[in-house]
1. Roll a 1.4 Å probe over the protein chains and send me the accessible area per residue for the chain in Å².
2. Tell me the carbon and sulfur percent of the accessible area for the chain, rounded to whole percent, probe radius 1.4 Å.
3. Looking at the range 216-369, what % of the alpha carbon pairs are farther apart than 27 Å?
4. Any idea which of Leu295, Pro194, Leu356 is furthest toward the positive side of the dipole for the chain, if Lys and Arg beta-carbons carry +1 and Asp and Glu beta-carbons -1?
5. Nearest 10 degrees is fine. How inclined is helix 200-209 to the longest principal axis of the chain, computing both from alpha carbons?
6. Could you please put His342, His189 in sequence from largest to smallest accessible area, using a 1.4 Å probe?
7. Just to make sure I understand: if all protein chains stay in place, what is the order of Ile192, Ile16 by accessible area at 1.4 Å, largest first?
8. With +1 on each Lys and Arg Cβ and -1 on each Asp and Glu Cβ, how big is the dipole of the range 230-314 about its Cα centre, in debye rounded to the nearest 20?
Amino acid sequence: MNKERLLATFLDLVQIDSVSYYEAAVAAYCKQALEQAGCAVWVDETQAATGSNTGNVIATLPGTRPGKLYLSAHLDTVVPGEGIRPVIIDGVVRPEGPTILGADDKAGVAAIIELVRSLAEADEPHPEIGVLFSVCEEIGLLGSLALDSRGFDGEPCLVLDGDGKPGVVAVGAPFHFKFTAAFTGKAAHAGIEPEKGISAIALAAEAVCNMELGRLDEHTTVNVGSISGGSADNIVPGSCTLTGEFRVMEKDKAVQVQAQLESALQGATTCLGGEVTTTWIMNYAGYSVAEEDPLVQLVLEQARQLGLETETMLSGGGSDANIYTAEGLKALVLGTGMSGVHGLGEHLAVSDLEDLALLVISVAYAFEQ
């Protein structure tokens, strides 16, 4: 591995603006870097499905022995992600101005590019490497959802987009459900005849008061994210919309949580009148991989050999790994060392970036399918 090249690649990447929907410039950079390393590279035609100004970047490095290993990261960043200027202070990369750093997920992108370069340069057998660089991950996993997955057949996939330092492996993530509840009350003049009205906002408030919110157990969370309704202070509001989400590790649990929420929503109308119509959507499926799985053990063993502290965990959030698992890959999310993500304090230790790249290179060489 070339540490100087790895760091230079990362610094290049974070200085290329690529907030969600506008990833074309960074996609072009990655395409050129992968092609120069010997990959067959193409950009898929998913712009219409995602709204991005480019498609997902997909690449293949031919193997010199049997087996195929996928690696994935996403190209987009959250805002404020324009005009990023990184500085290195005491071995830590930070943004110089009032922006994010973009280590989420350009740390993963840089490590994968260095992996491909290192394998291509070395005279050692390695499996075929598949690279999946998605767009619009930060706004609902849109790129991976739109990706053509017809070629997937149970291959392992390491998604470099996790919390924690290299050596941390997320072996599962939750099912994610969203709901929208549309309350219909009865409008009336708030000063002349309020008793003739049914406040849709009061209905929503009653429902929320009877919901169990927050962390229900170790792996189950429920949240109400917004309430909107009404038109003027002198009108009893006739309509109101409430939105929320819940996350569960097991799909059977989802039935129970949905029933509890529906009971609170319908109970408000029983108590106060009016009506409610609820729409439920599974945003993405959850996944879990047993800790004893050979892929998990391979990653942990290679991390230990590099002197890294190891840990397996269940994530509370979703990632492209959720989508890839549902589409036929065996995906794990690896800790990258990125810290303070989605905020102005985002930073990344250079040593963590190096450990991440070393880890995936070691896994690639040790991988046997």
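1. Numbers: 15820 Å² over 369 residues.
Ligands and nucleic acids excluded, the result is 43 Å² per residue.
2. Details: 7830 of 15820 Å².
Roughly 50 percent of what the probe reaches on the chain is carbon or sulfur.
3. Details: 5524 of 11781 pairs.
Roughly 47 percent, rounded to a whole number.
4. Projecting each Cα onto the dipole axis, the largest value belongs to Pro194.
5. Approximately 60 degrees, to the nearest ten.
6. On the way: His342 100, His189 75 Å².
The ordering from most to least exposed comes out as His342, His189.
7. On the way: Ile192 125, Ile16 35 Å².
Accessible-area ranking of Ile192, Ile16, largest first: Ile192, Ile16.
8. It comes to approximately 260 debye.
The values are calculated or read from the model by the stated rules, or taken from the named source; none is laboratory data. Since the model is a prediction, treat every value here as computed from it, not as a measurement. All Cβ positions, even for glycine, are placed from backbone atoms using ideal geometry, and neighbour counts span all protein chains on display. Just the protein is used for accessible areas: all its heavy atoms, side chains included, with ligands, DNA and RNA removed. Shrake-Rupley method; radii C 1.70, N 1.55, O 1.52, S 1.80 Å.
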